[in-house]
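Trainee: Before I ask anything, here is the structure I am working with.
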Amino acid sequence: MIGCDGVNSVIANFIGLKPPKQSTMGRARGFANYKNGHGFSPEFVTINKGHVMLGRFPLDHNLVFWFVTRPINHTSRFNNFKRYIKNHIVSTRISKGFPREMLEMIQNCDVDSLTFNGTQYQAPWELPNTRLRKGIVTIAGDAMHVMAPFLGQGGSTALEDAIVLARCLATQRRAEV
Ligand SMILES: Cc1cc2nc3c(=O)[nH]c(=O)nc-3n(C[C@H](O)[C@H](O)[C@H](O)COP(=O)(O)OP(=O)(O)OC[C@H]3O[C@@H](n4cnc5c(N)ncnc54)[C@H](O)[C@@H]3O)c2cc1C
C-alpha cells in the first residue's frame, strides 16, 4: 500500500512519521479582473523586497492571478478576514517599494477570490533517519516530504516519486514473470 494522501496523510500518521512543521512563510492569492484589459505583457513576473515576494500571472486579456508571500505570525487567522488581507497588504510596510500597478492589482481584486494559508514542510535532514514504511505500507509525495511552495519543488518531487515507484513496480513485475 502506498499512501499518496497529501500533507494531512493518515498513512504517514499510521507509519509514525512526525507531523510536518509550520513554515514561517504564508501566501495570499487572488484574482484581479480588469474590465478594459490589464495591459500587462503575457509573462510571469515576481518582485522580491526583503522577505516579501509579489507575483503576477496574466491568465487572459482581463484576468490576472497574483500572490504575495511573506513571513507570518501563526496566531493569525487571515482566512476569516478577506477584506483585511487586501487592505493589510496594500496599506502597510509590506507593500513598501513595490510598483504602484502591482498594488492596484491587489487593491482592485475580487475579495471572494482571496485565499491565505500558511505553509508546512518536513525537515529534509530528518527524513534519512525516519522510518518510511511499516510492513507493506509506505508513503510518497507530500505525505512523505511536504515542502514549502517554492521553485515547484513540491510538485516536482511528487512526480519524481511516481517515476521511481513506477520503475520499482516494473522491476518487481519483470521478476515475477
Ligand atoms: C497552495 C499551494 C500551492 C502550491 N503551488 C505549487 C506550485 O506552484 N508548484 C509545485 O510544484 N507545487 C506546488 N504546491 C505543492 C504541490 O501541490 C504538492 O507538492 C503536490 O500536489 C503533492 O502531490 P501529492 O500527490 O503528494 O499530494 P496531493 O496533491 O495533496 O494529493 C493527495 C490526494 O489524496 C487525497 N486524499 C487525502 N486523504 C485521503 C484519504 N484518506 N483517502 C483517499 N484520498 C485521500 C486528496 O484528496 C488528494 O487528492 C503547492 C501546494 C499548495 C498547498
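The values are calculated or read from the model by the stated rules, or taken from the named source; none is laboratory data. Quantities reported herein were computed from a predicted structural model and do not represent experimental measurements. Positions of Cβ are generated from backbone atoms using ideal geometry, with glycine treated the same way; all protein chains shown enter the neighbour counts. Side chains are part of the model used for accessible areas, which takes the heavy atoms of the whole protein and leaves out ligands, DNA and RNA. Shrake-Rupley method; radii C 1.70, N 1.55, O 1.52, S 1.80 Å.
Trainee: Please check: in the Gaussian network model of the chain (C-alpha springs, under 10 Å), which one of G135, G97, G16 has the largest mean-square fluctuation.
Mentor: Checking each option, the largest mean-square fluctuation is seen for G135.
Trainee: Could you provide, to the nearest whole Å², the per residue accessible area of the chain with probe 1.4 Å?
Mentor: 63
Trainee: Could you derive backbone 3J(HN,Hα) for segment 22-29 from the dihedral phi with the Karplus parameters 6.51, -1.76 and 1.60 (θ = phi - 60°), listing whole Hz in sequence and x where the residue is Gly or Pro?
Mentor: 7, 7, 8, 9, x, 9, 9, 9
Trainee: Using the alpha carbons of the chain, what is the convex hull volume per residue in cubic angstrom, as a whole number?
Mentor: Numbers: hull volume 27.4 nm³, N = 177.
It comes to 155 Å³ per residue, whole-number rounded.
Trainee: Carbon and sulfur together cover what percent of the accessible area of the chain at a 1.4 Å probe radius?
Mentor: Details: 6310 of 11100 Å².
Answer for the chain: carbon and sulfur cover 57 percent of the accessible area.
Trainee: Right, another one. Along the positive direction of the dipole of the chain (beta-carbon charges: Lys, Arg +1; Asp, Glu -1; about the Cα centre), which of V111, I2, P20 reaches farthest?
Mentor: With unit charges placed on the Cβ atoms, the residue in question is P20.
Trainee: To the nearest 20 Debye, how big is the dipole of the chain about its Cα centre, given +1 on the beta carbon of each Lys and Arg and -1 on that of each Asp and Glu?
Mentor: Values: 21 positive and 12 negative charges, 106 e Å.
The dipole of the chain has a size of about 520 debye.
Trainee: Could you tell me the relative contact order of the chain? Use alpha-carbon pairs under 8 Å, at least six residues apart, and round to a whole percent. Provide the component values of the computation, followed by the final result.
Mentor: Details: 272 pairs, mean separation 56.3, N = 177.
It comes to 32 percent, rounded to a whole number.
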